[in-house]
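Okay, structure first, notes after.
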């Protein structure tokens, strides 16, 4: 009895994994089939659904185009700068709000309710304050990532095992030592989660701001490609952006998991 | 109980929930006053930052002259259309994924990944398909709000306490009965959390697309005012939109909390 | 290794009877007017150089409050707690605290945990690792320097906490039921370790505990506290021979001491039980 049971379970698991694979392949296949069908059928206004081959070709052309890499660099630079600023500000504010119950009760709700609003509309203000160059997009992106990091950090502070804080106090750690040697390590997982969310926010915000007003970056590229009505390249660019967004998310997810 | 005995004696004002919130609000107001003063005496540049008092005055103006009420109606219509479409499609999809475990294991990660994708970037495609109007906005918002509802529906159904499922089994309920009388009611709080998240994304998407592509509603209003360099008006309209979004979000949270005891 | 100071603790060569810690008429009340609870009610006793003193009492006798006061965790209190003449008004560098809950930093290895107090003081890495290794050896965790707390048992984690406190060279080691979460056998063996360390370092120690056998096994004197409001009921001398091991637990003298103190303790413990029963009955009526 006990000998047979583990064997069938492993067999079942392997079968399920295979089934999952089949389903995914089936979905992909169905998607591709429907896509190609629609593309060649002429039902849709020409080229809105270009053939996958043309998209693939556009993808290659894009990847060898130096303009693409230049724009990619600009976007990544903006997102990285935004994330850095937003993270530092978010961690500092998060620690303050989490450590002091009154400050937390006074200000955190405002942060919390301000966070899910369409903050992109603050862009005109950023343009007024920082000009039409990279700075305004970085500022907007920093704002976007700030909320995620600050709220995660504040919540993380409250989850720290209280005895750890008492250990630090019993050894008379200075506030800086408390922050760097106790708070931050103790809440590395919530903070990393916040940074992950912040990265997503920063990247998307920067991209969207670029589509609104910019002469550089991938968002700007979306505009120029659309103006040329080069739909296959548009798809190609979107695919790349989605992959980048997904990859960043996955990398940070991996880092978060490894932080135990 | 001992706790009740302590509560009978009125808690000092400083211990209530509203006191810190008021302090926070007053701090924000104080910042506004400081800005007003700094701007009036010329330390800060008036072309970049309008006087807070002018911004406040502009609220009335934009309501009267810019058809803010109308535009709010347009945007609200778009949000609710997208929102209800998300529920109508998302919940059944979630049920489907729950019902067929294989589908769930195969596709749940993909749905989650979709939720993180910058769909708005594909706005040109949507515009070609759906025109330069509300429809595009609604479709994009629908795409944004769908994923959380699907995911939370699946989660809610699968987290039904097993003892309740066993009660159903012991009563020999049919599959349909089991679903409607046990699984679905138990999943409602979770589903509503998904609706809250999804509708929040819908709001952000609607206003965002209106703003980015100038497709009407409140988002476009902000653009119009910014292009006219009407700074007080721009600030006022931005504040108005953020304010309504916050209120909308708070209402969604209240309803969600109200549903929680059902679990 | 030569830089490690163990036998020469400040003041060790001076008058051995001079008190290191003076608890002078200490009292602490929580809550205001109507709901005031006096946790500690005018408690006085001393701890002399090199002594091992245990404070024992039933749950609710205020001993944890006393621990927090001496450790400087509670800002205000009535009366005086003086260490080497200085009044305690916050965490004092001469007081080393070991907490009841598991308190190792999960993200640091054992040696980084133990070296932590020295790191705070800016001691160079090689020197603080040397000192840390010395105390890691002393608590019997040689070879575990690079391990992480998640890989250690509860008893081992508490040993890390103790080593971490010792490395900061405190005048008095203050422990709050450090073995409460451990099983009986581990307790007895760790008790041995503590006795060894204390005798080797001539470390002045104050142990808060509710465990009677542990108190008698380890200490030179036991302060018995009453149930809330906590007062000193009695201070008993434990004249069991030193050096001591856990073998003493089976001896007649040990049994006599335990019985003797249990007499006093039982009264307080049953008062505590009665009061909680009354509260529970009242709650049921009201609630």
Subject >> C-alpha long axis of helix B:68-99 to longest principal axis of chain B, angle in ° >> reply: 20
Original post:
What is the helix-to-structure angle for B:52-65, meaning the angle in degrees between its Cα long axis and the longest Cα principal axis of chain B, kept from 0 to 90 and rounded to the nearest 10?
Top reply: 70
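With N residues in the stretch A:119-260, what two-decimal value do you get for its Cα radius of gyration over 2.2 N^0.38 Å?
Working: Rg = 19.7 Å, N = 142, 2.2 N^0.38 = 14.5 Å.
Relative to the rule-of-thumb radius for its length, the stretch A:119-260 sits at 1.36.
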Subject >> Rounded to 10°, Cα long-axis angle of helix C:154-166 versus longest principal axis of chain C >> reply: 70
Original post:
Okay, helix-only estimate at 222 nm for chain B: each DSSP H run of n ≥ 4 adds -39500 (n - 2.57), divide by all residues, round to 500 deg cm²/dmol; what do you get?
Top reply: -26000 deg cm²/dmol
Subject >> Per-selection Kirkwood Rh - the stretch A:109-171 (Cα, Å, 1 d.p.) >> reply: 14.0
Subject >> Cα-based Rg / Dmax (Å) for the stretch B:37-89 >> reply: 18.3, 57
Original post:
So what's Rg/Rh here for the stretch A:16-156, counting alpha carbon atoms and using the Kirkwood radius for Rh?
Top reply: 1.17
**OP:** For the stretch B:63-103, restrict the atom set to alpha-carbon positions and state the Rg and Dmax in Å.
**Re:** 17.3, 56
Original post:
So what is the diffusion coefficient of the stretch B:96-152 in µm² per second by Stokes-Einstein at 20 °C and 1.002 mPa s, using a Kirkwood Rh over Cα pairs?
Top reply: 171
Original post:
For A:178, C:225, what's the fewest-to-most ordering of other Cβ within 10 Å of each Cβ?
Top reply: A:178, C:225
**OP:** Taking just the C-alpha trace of the stretch B:110-198, give me its Rg and Dmax in Å.
**Re:** 18.0, 56
Original post:
For chain A, modelled as a GNM with alpha-carbon contacts under 10 angstrom, which of A:186, A:26, A:150 fluctuates the most?
Top reply: A:26
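Roughly how crowded by other chains is peptide A:200-207, in terms of the mean Cβ count from those chains within 10 Å of each of its Cβ atoms? Each step should come with its number before you reach the end.
Details: counts 4, 0, 0, 2, 7, 2, 1, 3.
What the average comes to for A:200-207 is 2.
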**OP:** Compare C:191, C:71, C:31 in a GNM of chain C, Cα atoms joined below 10 Å, and give the one with the largest fluctuation.
**Re:** C:31
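Please compute the average number of Cβ atoms from other chains found within 10 Å of each residue's Cβ in peptide B:105-117. Can you show the working numbers first?
Numbers: counts 6, 9, 4, 0, 1, 3, 0, 1, 5, 2, 1, 10, 9.
Mean number of neighbouring Cβ atoms from other chains: 4.
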Original post:
Tell me, what does the Kirkwood hydrodynamic radius of chain C come to in angstroms if you use every pair of distinct C-alpha atoms?
Top reply: 19.9
Subject >> Contact order relative to length of the stretch B:47-185, as percent, for alpha carbon pairs under 8 angstrom and 6 or more apart >> reply: 30
**OP:** Quick one: work out Rg over Rh on the C-alpha atoms of chain A, Rh as Kirkwood radius.
**Re:** 1.10
Original post:
By count of other Cβ within 10 Å, fewest leading, how are A:214, C:59, B:237, C:126 ordered?
Top reply: C:126, C:59, A:214, B:237
Original post:
Taking a quarter of the surface of the convex hull around the Cα atoms of the protein assembly as shown, what do you get in nm²?
Top reply: 46.7
Original post:
Per-residue mean of other chain beta-carbon atoms within 10 angstrom of the beta-carbon, peptide B:206-217?
Top reply: 3
Subject >> Among C:70, C:23, C:222, residue whose mean-square fluctuation peaks in a GNM of chain C (springs only between Cα atoms under 10 Å) >> reply: C:23
Original post:
Ranking B:53, C:153, A:152, C:168 by Cβ neighbours within 10 Å, fewest first, what do you get?
Top reply: C:153, B:53, C:168, A:152
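For the stretch C:89-152, what mean projected area does the convex hull of the alpha carbons give, in nm²?
Seen from a random direction, the Cα hull of the stretch C:89-152 projects 5.2 nm² on average.
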Subject >> Value at 222 nm in deg cm²/dmol, rounded to 500, when DSSP H runs of n ≥ 4 in chain C each add -39,500 (n - 2.57) >> reply: -11500 deg cm²/dmol
Original post:
Over chain A, what relative contact order in percent results from Cα pairs under 8 Å that are six or more residues apart?
Top reply: 24
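No value in this document is a laboratory result; all are computed from the given coordinates. Keep in mind it's a predicted model, so treat the numbers as computed, not measured. All Cβ positions, glycine included, derive from the backbone under ideal geometry; neighbour counts span all protein chains shown.
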